């Protein structure tokens, strides 16, 4: 795989399979209370332009359980907040830590860090992609269905960063992705084209029922993301009819599960009944952020012998 994880496309199929296998192994060790300090002596810098619950806690706890150390870095508290250029911060952090996870407003910020960093850069979220979230999603799907090949995933709502990473993962995994969005909120056509050119099975529609029909998993996200609050009223109008309700879920396969990357706005993109219902895999999905990211950290920061295991 590439040195950095800026996009899910930075992984090859073998890399992804290794990460999911390792995530499952580390999850079992944790459940048994078996220590696994695979990154003893390693440090991870964590730069948060955007607030976070799952990303911060999962990476920080993950590094601790791997025997390493994580540093929370708020740009307002760094010299970045006083005008230091990203390239200068990237060069300095490279001399202190073994990797940097960044949760940024703009994907170009991550690309600039990666350009000047000598250590791996991990995309903890950008406006373009959220690959760490999708690693957890794929782990959850594999746990529930045994295999990813041929699994049908329906995405209903906004064609956003998580949707982009899910679409791009189709070419790596064999999952089939159907995306239902209002016309003005479709995923980036370049991302869809890239996935399809690499063999990904991706379809677009404006009809949620069509997307959800016979799906094995139904996935949604908030309609108003951080930084989009001014457009809230407009977005809520545009997404009427795109909520995951029990009625919509009835069009999916009998064994279908529900996914949501959280935080959820109950009563908007998903009903409380569905989120708390028997089909919900949301809490397992959230937990799997920890296990998938631990495996990713081992892959990027671990020794050669660990990566070959």
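Pairs are defined by a Cβ separation below 7 Å, a sequence spacing of at least 6 or placement on different chains, a first member in the range 28-42 that is outside any loop (DSSP other than H, G, I, E, B), and a second member that is modelled with pLDDT of 95 or more and surrounded by 12 or more Cβ atoms within 10 Å (Cβ to Cβ); the pairs so defined are 29/36; 30/65.
If you go through the range 145-183 and pick out every residue that is without any contact (Cβ under 8 Å) to a residue 60 or more places away in the chain and either closer than 11 Å to residue 218 by Cα or not assigned by TED's automatic domain parsing to the domain that holds residue 211 (or both), you end up with 3. Among the residues of the range 47-64, those identified as surrounded by 19 or more Cβ atoms within 10 Å (Cβ to Cβ) and under 15 Å from the mean Cα position of the chain (by Cα) are 54, 55, 58, 59.
A Cβ distance below 7 Å, combined with a sequence gap of six or more or placement on separate chains, defines the contacts here; from the range 247-275, residues that are at positive phi reach residues that are surrounded by 13 or more Cβ atoms within 10 Å (Cβ to Cβ) in the pairs 262/54; 262/282; 262/286.
Can residue 196 be described as outside the structural domain of residue 57 (by TED's automatic domain parsing) and exposed (fewer than 14 other Cβ atoms within 10 Å of the Cβ)?
So residue 196 does not fit the description; no.
Of all the criteria given as (1) assigned by TED's automatic domain parsing to the domain that holds residue 199; (2) surrounded by fewer than 22 Cβ atoms within 10 Å (Cβ to Cβ); (3) part of a loop (DSSP other than H, G, I, E, B); (4) touching a residue at least 60 places away in the same chain (Cβ under 8 Å), the one not satisfied by residue 105 is (1). Within the range 73-102, which residues are assigned to a loop (DSSP other than H, G, I, E, B) and more than 19 Å from residue 52 (Cα to Cα)? Across the range 73-102, the qualifying residues are 83, 84, 85, 95, 96, 97, 98. Looking across the range 65-76, the residues that are in contact with a strand residue (DSSP E or B) (Cβ under 8 Å, 6 or more places away or on another chain) and surrounded by 15 or more Cβ atoms within 10 Å (Cβ to Cβ) come down to 68, 69, 70, 71, 73, 75. Within the range 205-223, the only residue that satisfies the criterion of being within 19 Å of residue 174 (Cβ to Cβ) and free of Cβ contacts under 8 Å to residues at least 60 places away in the same chain is 211. If I filter the range 147-187 down to residues being in contact with a helix residue (DSSP H, G or I) (Cβ under 6 Å, 6 or more places away or on another chain) and part of a loop (DSSP other than H, G, I, E, B), which single residue comes out as surrounded by the most Cβ atoms within 10 Å (Cβ to Cβ)? Among them, the one singled out is 158. The helices (runs of 4 or more DSSP H) located wholly in the range 203-258 that include 3 or more residues which are touching a strand residue (DSSP E or B) at 6+ places or on another chain (Cβ under 9 Å) and surrounded by 21 or more Cβ atoms within 10 Å (Cβ to Cβ) occupy 208-212. Exactly one residue among 154, 171 is touching a strand residue (DSSP E or B) at 6+ places or on another chain (Cβ under 6 Å) and on the phi < 0 side of the Ramachandran plot, and that residue is 154.
The values are calculated or read from the model by the stated rules, or taken from the named source; none is laboratory data. Please read all numbers here as calculations on a predicted model, not as lab measurements. Using ideal geometry, Cβ is built from the backbone for each residue, glycine included, and neighbour counts are taken over all protein chains shown.
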